[in-house]
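Let me begin by presenting the structure, written as structure tokens, before commenting on it.
The values are calculated or read from the model by the stated rules, or taken from the named source; none is laboratory data. Predicted model, so just to flag it, every value in this text is computed and none were measured. Glycine also receives a Cβ, built like all others from the backbone with ideal geometry; neighbour counts cover every protein chain displayed. Only protein heavy atoms, including side chains, enter the accessible area calculation; ligands, DNA and RNA are left aside. Shrake-Rupley method; radii C 1.70, N 1.55, O 1.52, S 1.80 Å.
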Amino acid sequence: MTKPRVLVTRVIPDAGLDPVREACDVDLWTDELPPPREELLRRVAGVDGLLSLLTDRVDDELLDAAGPQLRVVSNFAVGFDNIDVPALTRRGIPGGNTPGVLTETTADLAFTLLMAAARRIPESVDYVRDGHWKTWGPMLLMGVDIHGATLGIVGFGRIGREMARRGRGFGMRILYHDVHPATPEDEAELGATRVELDELLRASDFVSLHVNLTDETHHLIDADALRAMKPTAVLVNTSRGPVVDPAALEVALRDGEIFAAGLDVTEPEPLPADHPLVGLPNCVVVPHIASASRVTRDKMARMAADNLLAGVRGERLPTPINPEVYDERA
Ligand code: DGY
């Protein structure tokens, strides 16, 4: 029997690649960089399944290039703003993502950024490396306190809630904003109080972003939002880069409208080394690594493979992003 043909757009951990190789005829893109658009459109033609990354735009053009035999698009990420979901659904193609398995690892990194920015860790490391450490200094590299501070969480889904748990461990007061309020039981368990976004920005010492990227959340943190924050506040973004207006953030950090920022995601992404945000001492930028622990990436790979294999076999995906395709089929 001929095996289904699939395109995998980057090398992922063997935990996911091995089962896909066993069951399918795999075209694997092995470069470190994503396939250029023309290459992606060429290689996707005629495949039964696509295992995509958040760097691959999956839209009408790509789906047309793939052809009518395409049965599944499995994204190696929990976020799927790279996928035009209605375009998939119109064609009756299920898409999959990797929810749940990266929640805690991502919250760990968000809290790491919060602490690094608050206590000026990259600046302190550079200070030692550059040979400036001559004595103990009463005024040296002072940051802001984390314990007892107010943590404002924007987007109270899985990752936002794990961020709340970490904040509670540091004795922080937790505020959150989400269009969908948590249940009173969840609020009580997490010690979290729901407030409007304006109030959260004004009252929080730390603002951590955990929303999906949509038309509504694009540049949610703009110049006005940054001006509403305390001059001692720290902004943390592990959601998607375009949730924050980078030009406004640069001004806010440079002019002292806020104290610091910790960014795992940026606009544009990657952020060039000569970008003004990279040069600011109070901006800690890391290269979109929130889910990058070995264990978590293995789990994501396995989950993406499970979705891909279910799709090529015509079975329901374990974690579909457009379950409505199944309703429409019924
Ligand atoms: C995701 O999964 O959406 C992250 O951004 C990468 O792990």
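Here are a few things to note about the model shown:
- Residues of the range 243-284 that are among the β-branched types (Val, Ile, Thr) and part of a loop (DSSP other than H, G, I, E, B): Ile258, Val265, Thr266.
- Complete set of residues in the range 176-199 that are under 16 Å from Met229 (Cα atoms) and open to solvent by less than 50 Å² (accessible area, probe 1.4 Å): Tyr176, His177, Val195, Leu197
- Residue ID - farthest from Leu102 (Cα to Cα), chosen from residues in the range 284-318 that are open to solvent by less than 30 Å² (accessible area, probe 1.4 Å) and among the β-branched types (Val, Ile, Thr): Val312
- Between Arg166, Arg173, Arg202, the distinction of being in the same structural domain as His147 (by TED's automatic domain parsing), in contact with a Phe, Trp or Tyr (Cβ under 8 Å, 6 or more places away or on another chain) and open to solvent by 30 Å² or more (accessible area, probe 1.4 Å) belongs to Arg166 only.
- Any hit, the range 284-291, residues being away from the ligand (no atom under 15 Å from the Cβ), over 18 Å from Ala15 (Cα atoms) and more than 17 Å from the chain's Cα centre (by Cα): no
- Scope the range 64-116; condition outside any loop (DSSP other than H, G, I, E, B) and among the β-branched types (Val, Ile, Thr); matching residues: Val72, Val73, Ile83, Val85, Thr89, Thr103, Thr105, Thr106, Thr112
- Considering Pro281, Pro272, Pro268, the condition of being under 17 Å from the mean Cα position of the chain (by Cα) and exposed (fewer than 12 other Cβ atoms within 10 Å of the Cβ) is satisfied by Pro268 alone.
- Residue within the range 81-93 that is more than 15 Å from the ligand (Cβ to nearest atom), of a type in the set (S, T, N, Q), surrounded by fewer than 19 Cβ atoms within 10 Å (Cβ to Cβ) and at pLDDT 95 or above present: yes
- Residue within the range 113-132 that is in contact with a Ser or Thr (Cβ under 7 Å, 6 or more places away or on another chain) and surrounded by fewer than 20 Cβ atoms within 10 Å (Cβ to Cβ) present: no
- Residue within the range 50-59 that is over 24 Å from the mean Cα position of the chain (by Cα), outside any strand (DSSP E or B) and away from the ligand (no atom under 15 Å from the Cβ) present: no
- Whichever residue in the range 1-48 is in contact (Cβ under 8 Å) with a residue 60 or more places away in the chain and of a type in the set (Gly, Ala, Ser) and, among such residues, is surrounded by the most Cβ atoms within 10 Å (Cβ to Cβ): Gly16
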